[in-house]
1. Counting only GluC sites (Glu not before Pro) that are in a DSSP loop and have at most 14 other C-beta atoms within 10 Å, tell me the longest site-free stretch of the chain.
2. Taking mean projected area of the Cα convex hull in nm² as the quantity of interest, determine which of (1) 19.1; (2) 48.4; (3) 20.2 was computed from the displayed structure.
3. Please arrange Arg232, Arg65, Arg76, Arg95 by how many other C-beta atoms lie within 10 Å of their C-beta, fewest to most.
4. For Ser174, what charge total do you get from the other residues with a beta carbon under 10 Å from its beta carbon, if Lys and Arg give +1 and Asp and Glu give -1?
5. Given an 8 Å cut-off on Cα distances and at least 6 residues of separation, report the relative contact order of the chain as a percent.
6. Classify region 199-381 as rounded, prolate or oblate from the Cα gyration tensor: take a ≥ b ≥ c as the square roots of its eigenvalues, call it rounded if a/c is under 1.5, otherwise prolate when a/b beats b/c and oblate if not.
7. What order, most packed first, do the peptides 155-162, 223-230, 257-264 have when packing is the mean number of other Cβ atoms within 10 Å of each residue?
8. Give me Ser51, Ser348 sorted ascending by neighbouring Cβ count inside 10 Å, so fewest comes first.
Amino acid sequence: MRRQTIIMAMTAEKRPKKILIFSLVYLPRFVGGAEVAVKEITDRINPRLFSFEMISLSPDRDLPRRDRMGRILVHRLPAQGGLLWPMAKLLFPFRACVAAARLHRQEPFDAVWSIMANYAGFAALFFKLMHQKVPLLLSLQEGDPLPLTERKARFVWPLFRMIFTKADRIQAISSYLARWAGRMGARGEVVVVPNGVDVKKFRIQDSKSEIGEVRKVLGFGKSDRVVITVSRLVPKNGVGDLIKAMTFLPAEVKLVIVGDGPLLQNLQLTAYSLKLTDRVKFSGLVPPDKVPEYLAAADVFCRPSLSEGFGNAFIEAMAAGLPVVGTAVGGITDFLRDKETGLICVPSDPEDIARKIEILLKDREIRDYVVRNALKMVEQMYDWSFIAERMEEKVFPDIPNHPEGR
């Protein structure tokens with residue numbers, strides 16, 4: 001009823017609210033949880049209510065400077081990659097603010113929306129300081145450990161805190177990040193709207209030919225039991241602990257690591273030193289549309305994270321019908337309940353990780369119970385269509401109409 005009221009009130013204004021998004025990077029060059037969330041949400045939000053433009057940084061000079069991706073008109077600021085990329089990121093807040101001011105003069109925006117409190121957050125803050133009447137919306141999508149995030153911002157700490165204090169509304173993807181916003185001094189309303197998943201896309205269990213092909217490519221037989229993790233290969237995701245856990249599991253249990261990152265060589269060396277090269281497969285980056293096939297080919301999903309802002313990979317695994325093992329850290333606790341929607345393991349404890357994986361491999365009753373509960377939860381609370389509705393109702397509903405005139 002509330003959503004219908006919002007739609008009726010806003011469509012009566014004839015003109016959709018115009019929102020400018022600040023995102024440090026975006027599709028198609030960068031595909032992360034935050035970038036996917038922006039696309040999935042904006043694709044589903046009623047275009048009669050809102051229109052979106054974006055300013056983003058792009059090291060790919062083959063991409064057009066101005067391009068429509070889905071329902072977002074993307075303005076790309078060209079930048080050099082490689083060694084010059086750090087400098088490009090440092091300059092982004094200033095370049096993006098100047099570009100936003102120019103666009104705002106041409107046709108004013110009704111709100112600006114920062115994706116994460118990073119360089120994009122500084123760009124949005126600078127714009128807000130120049131245009132006080134334009135609401136600033138902030139989405140917290142941070143996945144790195146928060147102490148590390150704060151340490152990186154220590155030299156500009158007063159400005160960093162202002163991203164939170166000047167935001168008119170903050171959307172956090174987990175209760176964990178919402179509490180962080182409070183500690184950072186947020187004055188506007190803080191609402192929790194998580195990331196989601198395209199449930200239908202991940203339900204492919206009946207596609208036996210695709211599943212068999214994935215197993216064949218990985219070199220696994222029908223009798224092998226497969227554990228999968230989909231992770232950036234960085235310290236906070238605990239992939240090294242997962243590899244070590246394989247030493248406590250039977251030889252027929254294999255591990256597939258989907259993802260890439262700076263720890264790749266170190267993790268490969270770990271597998272080699274533990275004589276696990278025939279049981280641990282590194283698949284590298286897999287196209288997003290192929291990830292459901294890899295999940296469907298596995299028996300258990302595990303990511304023993306040391307830190308997590310939310311953990312989209314867990315939700316996707318649940319949507320694929322996989323039982324999940326994870327740690328009770330950060331945003332994971334919003335959806336992972338021990339022996340209800342998955343099993344919780346102890347962080348940095350390979351033996352306990354193995355123990356929980358083995359339970360799900362051996363105990364069919366527990367496995368079926370957590371899979372059933374998790375899938376029901378995902379369908380009811382985490383489908384992207386539902387998340388887009390929540391954004392309309394909780395984040396965007398009362399944006400003032402044309403705050404600085406047109």
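1. Details: sites that count: Glu13, Glu252, Glu340, Glu404.
Longest run free of exposed loop sites: 14-251.
2. Computed from the coordinates, mean projected area of the Cα convex hull in nm² corresponds to (3).
3. Numbers: Arg232 19, Arg65 11, Arg76 22, Arg95 16.
Placing the least packed residue first, the sequence is Arg65, Arg95, Arg232, Arg76.
4. On the way: positive: Arg179; negative: Glu142, Glu308, Asp334.
Result for the local shell: -2.
5. Details: 775 pairs, mean separation 65.3, N = 406.
Contact order relative to length: 16 percent.
6. On the way: a/c = 1.34, a/b = 1.13, b/c = 1.19.
Rounded, since a/c falls under 1.5.
7. Values: 155-162: 13.4, 223-230: 20.1, 257-264: 17.4.
Listed from highest to lowest mean packing, they are 223-230, 257-264, 155-162.
8. Details: Ser51 18, Ser348 14.
Fewest to most other Cβ atoms nearby, the residues stand as Ser348, Ser51.
Quick note: the coordinates plus some simple rules give every number you see, no bench work behind them. Owing to the predicted nature of the structure, the values given are computational and were not obtained by experimental measurement. All Cβ positions, glycine included, derive from the backbone under ideal geometry; neighbour counts span all protein chains shown.
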